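Peer 1: Mind having a look at this structure? Questions to follow.
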Amino acid sequence: MSTAQNIRQQIARLPAGEPFTPALFAGLGSRAAIDQTLMRLTQSGQIQRIGHGLYTVPKSSRFGLATMPAPETVARLIADHEGASIEIHGAEAARRFGFSTQVPAQPVFYTTGSSRTVKLGKLQVRLQHVAARKLALAGRPAGQALAALWYLGRQQVTPSTFQRIESKLPHAEFQALRQAKSSMPAWMVESLRQYEDQSTTS
């Protein structure tokens, strides 16, 4: 079976709307043959190119309009491809913990990989490179809490901030956050320790 046939078969098994990269077809042929096949499938409308090295199987809504993959799905695919960590942006994390009511206009994600922007219809999904210690707990509720704390910053993070976070997190996740002090700046650690002291004496 040819490279093109193998790729078509694999794409046929993908759910409509699921994004993928050429890495999905590693081992089915040379990179040049894979790229050529994807280009032909894009031209024929069988797949849709949504960014550099990013594709999806077209999916239509009940109104006949093309629908795009979920922004977080695309962001995580990009991060996985780079072997990078990823987390929601601090602004969105702060909103989820009740520190803000503002909904970000465009989806933004923190990543230890490269910064880039992908256009999904009218949306622009942006991946913003940050230092690895800001994503020390990425991919779990405690990681969202850490992202919110970095976003809020020195002026807004107080012991009461940690009180709210503890009320929102499962016990194990708040313990994971407490144990990540080595990834926190001094001002964040100080507020956390003040909250721990208050909790011990109350």
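Peer 1: For the list (1) over 27 Å from Gly83 (Cα atoms); (2) within 20 Å of the chain's Cα centre (by Cα), I need the number of the one condition that Gln198 fails.
Peer 2: Against the list (1) over 27 Å from Gly83 (Cα atoms); (2) within 20 Å of the chain's Cα centre (by Cα), Gln198 comes up short only on (2).
Peer 1: Give the residues of the stretch 17-47 that are within 16 Å of Thr73 (Cα to Cα) and touching a Ser or Thr at 6+ places or on another chain (Cβ under 8 Å), sorted by residue number.
Peer 2: Those that are within 16 Å of Thr73 (Cα to Cα) and touching a Ser or Thr at 6+ places or on another chain (Cβ under 8 Å): Gly17, Glu18, Pro19, Phe20.
Peer 1: Does at least one position in the stretch 29-38 carry a residue that is surrounded by fewer than 11 Cβ atoms within 10 Å (Cβ to Cβ) and either assigned by TED's automatic domain parsing to the domain that holds Gly139 or hydroxyl-bearing (Ser, Thr, Tyr) (or both)?
Peer 2: yes
Peer 1: Do we have Gly51 as farther than 30 Å from Gln179 by Cβ, surrounded by 15 or more Cβ atoms within 10 Å (Cβ to Cβ) and either at pLDDT below 85 or β-branched (Val, Ile, Thr) (or both) here?
Peer 2: Judged against the criteria, Gly51 is a match.
Peer 1: From the list Thr42, Thr3, pick out the single residue that is out of contact with any Gly (no Cβ under 9 Å at 6 or more places or on another chain) and of a type in the set (S, T, N, Q).
Peer 2: Every option except Thr42 fails the conditions.
Peer 1: Let me ask you something else. Give, as residue ranges, the strands (runs of 3 or more DSSP E) completely inside the stretch 92-202 that count at least 2 residues that are out of contact with any Lys or Arg (no Cβ under 9 Å at 6 or more places or on another chain) and assigned by TED's automatic domain parsing to the domain that holds Ala79.
Peer 2: 116-120, 123-129
Peer 1: Here are Val189, Val125, Val118: which of them is hydrophobic (A, V, I, L, M, F, W, C), at pLDDT below 95 and farther than 25 Å from Thr101 by Cβ?
Peer 2: Result of the check over Val189, Val125, Val118: Val118.
Peer 1: With the condition being touching a Leu at 6+ places or on another chain (Cβ under 8 Å) and more than 18 Å from Arg116 (Cα to Cα), I'd like the helices (runs of 4 or more DSSP H) fully within the stretch 1-83 carrying at least 1 qualifying residues. Even if it seems obvious, please write down each step before you answer.
Peer 2: Numbers: elements: 3-12, 31-43, 71-82.
Qualifying helices (runs of 4 or more DSSP H): 3-12, 31-43.
Peer 1: Looking only at the stretch 167-192, filter to residues that are more than 21 Å from the chain's Cα centre (by Cα) and among the polar types (S, T, N, Q); which one of those is surrounded by the most Cβ atoms within 10 Å (Cβ to Cβ)?
Peer 2: Here the residue is Ser191.
Peer 1: Filter the stretch 135-166 down to residues that are surrounded by fewer than 20 Cβ atoms within 10 Å (Cβ to Cβ), small (Gly, Ala, Ser) and closer than 14 Å to Leu192 by Cα, then give me how many there are.
Peer 2: Count: 2.
The values are calculated or read from the model by the stated rules, or taken from the named source; none is laboratory data. Bear in mind that the values here come from a model prediction, so they are computed numbers and not experimental data. Heads up, the Cβs are rebuilt from the backbone with ideal geometry, glycines too, and the neighbour counts pull from every protein chain shown.
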